[in-house]
Amino acid sequence: MRLDKFMKISRIIKRRSVAKEVADKGRIQVNGKLAKSSSDVKVGDVLKIQFGNKTMEVKVNELHESTKKEDAQKMYEIISETRTENAN
């Protein structure tokens, strides 16, 4: 499954266009490698996503073409979530 589609369906990022933009700016890694929005995501992959001052690491548990809101959380497991302070 494409990375941008996984991000949208799992509801980590609400819109696919936003997921594509985040990936294409080099803010998402799949298994430690920089990923583009078209990168393939498989069960067992570890994604590292940077949103502004937050970094989130998740493990892909399931892939679905579509999902209900309550089932979206089952598609991934959060490994770590850290906030970085802006050092001025």
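Restricted to region 34-49, and to residues there that are without any contact (Cβ under 8 Å) to a residue 24 or more places away in the chain and under 18 Å from Asp24 (Cα atoms), the residue that is farthest from the chain's Cα centre (by Cα) is Leu34.
Which number in (1) touching a helix residue (DSSP H, G or I) at 6+ places or on another chain (Cβ under 8 Å); (2) at pLDDT 95 or above marks the one condition that Ile13 misses? Evaluating Ile13 over (1) touching a helix residue (DSSP H, G or I) at 6+ places or on another chain (Cβ under 8 Å); (2) at pLDDT 95 or above leaves (2) as the failure. When region 30-88 is filtered for residues that are exposed (fewer than 14 other Cβ atoms within 10 Å of the Cβ), of a type in the set (Val, Ile, Thr), farther than 13 Å from Phe6 by Cα and in contact with a strand residue (DSSP E or B) (Cβ under 6 Å, 6 or more places away or on another chain), the ones remaining, listed by number, are Ile78, Ile79, Thr82. For region 2-29, enumerate the residues that are in contact with a strand residue (DSSP E or B) (Cβ under 7 Å, 6 or more places away or on another chain) and either over 22 Å from Lys68 (Cα atoms) or surrounded by fewer than 17 Cβ atoms within 10 Å (Cβ to Cβ) (or both). Those that are in contact with a strand residue (DSSP E or B) (Cβ under 7 Å, 6 or more places away or on another chain) and either over 22 Å from Lys68 (Cα atoms) or surrounded by fewer than 17 Cβ atoms within 10 Å (Cβ to Cβ) (or both): Val22, Gly26, Arg27, Ile28, Gln29.
The values are calculated or read from the model by the stated rules, or taken from the named source; none is laboratory data. Since the structure is predicted, the reported quantities are computational estimates derived from the model, not experimental observations. For neighbour counting, all protein chains shown are included, and Cβ atoms are generated from backbone atoms with ideal geometry for every residue, glycine included.
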